[in-house]
Amino acid sequence: MPQVKLPRKSTNIDMTAMCDVAFLLLTFFMLATKFKPEEPVVVKTPSSISDVILPDVDVMLITIDPKGRVFFSIDNKIMRKQLIESIDKDKNLGLTATEKTSFALGASTGVPFSQIKSYLSAPTDQQKMLEARAPGVPTDTAVLAPDNELSAWVSAARQTNPKLRICIKADGDASYPVINKVIKTLEGWKVFKFNLITSLKGVPSGTAAYAMQHPNEKK
Amino acid sequence: MAEMDTSSSGGHKKGPGVKKGKKLSTRIDLTPMVDLGFLLITFFIYTTTMSKPKTMEINMPFKDEKLKVDTTKIKASTALTILLSKNHRIYYYEGLGDDPTVPPDVKVTTFKNPGGIRTEIMAKQKKVNELRRTGQLTDKDQTAILIKPDSTSSYSDLVNILDEMSINDVRVYAIVDISPVDQDFILKTEQANGGK
């Protein structure tokens, strides 16, 4: 019987196409990646079912760490520059141009006004260390209290950019009195609407919110 | 793509005695490059923050010193007061607790589910709906929840209770400062429960 000879095929595959795909994907991910903005402290936000997305621009972020330290930041470099200039003028901090630039390029502030000059004049790598030990921006429930520095920051920031949305990013373990101080300060400046940053969790079934999300489902 | 045409090896003939250089294949093995590509892809996938942070919008009651108008009173029968205390414990009672002659029945619960605060909120909503049906309340009345976090509660308690509001579709709620009377309620309930 004549045997049918199968032609032997080479096991070498042309990798070119695969390589193309890999690099195409790589390019996509490189362009799509937005590195996390540098955060002064690690904050683990509590979760909620709310799925409102945080806006990209015009954000004032008040971060509160588990120990109750308050950090303040706004997002735009140009705005930051304007902000530090107005704060400098108001509080007579006597900052130099380099120190102001350092503020504009930095991430957030967590030091009282009395320490801000020494903090900003420090080199960048040292600033990180100082930030870890920073006492936080002093706050109070009374908006006009002289030691309520957060109030001064909020007011100055809203003057430089009235469109700012105020977001509070607090750790789940932060104690309520600190949150209360921040909220009272905002209320003092007639800010009654703000956002709390939370992580997302699923809507539990059998509740009103679940029924609203799934209107067609029978109970 | 990775191959180049190497068949035509120049037009001129080499003379005798001139050694012909060995022709090397220009075909490159692309496997390591693919490996590298995927390695980098993996790195970027991990570092990418695809999901943006979510936020919860909150509206505080409008306050103004110039505005001396009495705030809209909520009916005691629609109200549920929730006190947040230490160790994520919740004290709650029905009504506003503003009548000193009738101290409210303060109960304690947690965020645990089922059997936690959610069950209580749902029970309250059912009760209010029942009252509305029987005509004791008008259609305008809704379940109102007063949230009073005390100084020992944490931020997660606040977010959790606000989340319960949206989970249970409670439209009327407010974060209020805790009063000394309420702190007394917590203390008494703690003592009644054996100092826990």
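The values are calculated or read from the model by the stated rules, or taken from the named source; none is laboratory data. Because the structure is predicted, anything quoted here is derived from the model rather than measured. When we count neighbours, we look across all protein chains shown, and the Cβ atoms used for this are built from the backbone with ideal geometry, even at glycine.
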Q) Residues in the range A:85-133 that are under 21 Å from A:Ser151 (Cβ atoms), β-branched (Val, Ile, Thr) and more than 19 Å from the chain's Cα centre (by Cα): how many? A) 2
Q) Taking strands (runs of 3 or more DSSP E) that fall entirely within the range B:78-144, which contain at least 2 residues that are touching a helix residue (DSSP H, G or I) at 6+ places or on another chain (Cβ under 9 Å) and among the aliphatic types (A, V, I, L, M)? A) B:79-84
Q: Inspect all residues belonging to the range A:194-211 and state whether any of them is touching a residue at least 24 places away in the same chain (Cβ under 8 Å), of a type in the set (A, V, I, L, M, F, W, C) and assigned to a helix (DSSP H, G or I).
A: yes
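Residues checked against (1) at positive phi; (2) among the basic types (Lys, Arg); (3) modelled with pLDDT under 85; (4) in contact with a strand residue (DSSP E or B) (Cβ under 8 Å, 6 or more places away or on another chain):
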| residue | (1), (2), (3), (4) |
| --- | --- |
| A:Met79 | no, no, yes, no |
| A:Asp90 | no, no, yes, no |
| A:Ala97 | no, no, yes, no |
| A:Lys100 | no, yes, yes, no |
| A:Gly106 | no, no, yes, no |
| A:Ile116 | no, no, yes, yes |
Q.
If a residue must be hydrophobic (A, V, I, L, M, F, W, C), in a helix (DSSP H, G or I), buried (at least 20 other Cβ atoms within 10 Å of the Cβ) and more than 11 Å from every other protein chain (Cβ to nearest Cβ), how many such residues does the range B:145-184 contain?
A. 0
Q) For the range A:157-177, does any single residue satisfy the condition of being closer than 22 Å to A:Lys67 by Cβ and either of a type in the set (Phe, Trp, Tyr) or assigned to a helix (DSSP H, G or I) (or both)? A) yes
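Just checking, which of A:Glu99, A:Glu187, A:Glu131, A:Glu149 is more than 14 Å from chain B (Cβ to nearest Cβ), closer than 16 Å to A:Met60 by Cβ and acidic (Asp, Glu)?
A:Glu149
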(Q) Suppose we filter the range A:161-172 for residues that are surrounded by fewer than 16 Cβ atoms within 10 Å (Cβ to Cβ) and either closer than 19 Å to A:Leu144 by Cβ or at the interface with another protein chain (Cβ under 7 Å from one of its Cβ atoms) (or both); how many remain? (A) 0
Q) Any residue in the range A:15-38 that is part of a loop (DSSP other than H, G, I, E, B), more than 7 Å from chain B (Cβ to nearest Cβ) and either surrounded by 16 or more Cβ atoms within 10 Å (Cβ to Cβ) or modelled with pLDDT of 80 or more (or both)? A) no
Q: Please give the number of the condition A:Thr96 fails out of (1) more than 28 Å from A:Val178 (Cα to Cα); (2) in contact with a Gly (Cβ under 9 Å, 6 or more places away or on another chain); (3) polar (S, T, N, Q).
A: (2)
Q.
Tell me whether the range A:7-17 contains one or more residues that are acidic (Asp, Glu) and touching a residue at least 24 places away in the same chain (Cβ under 8 Å).
A. no
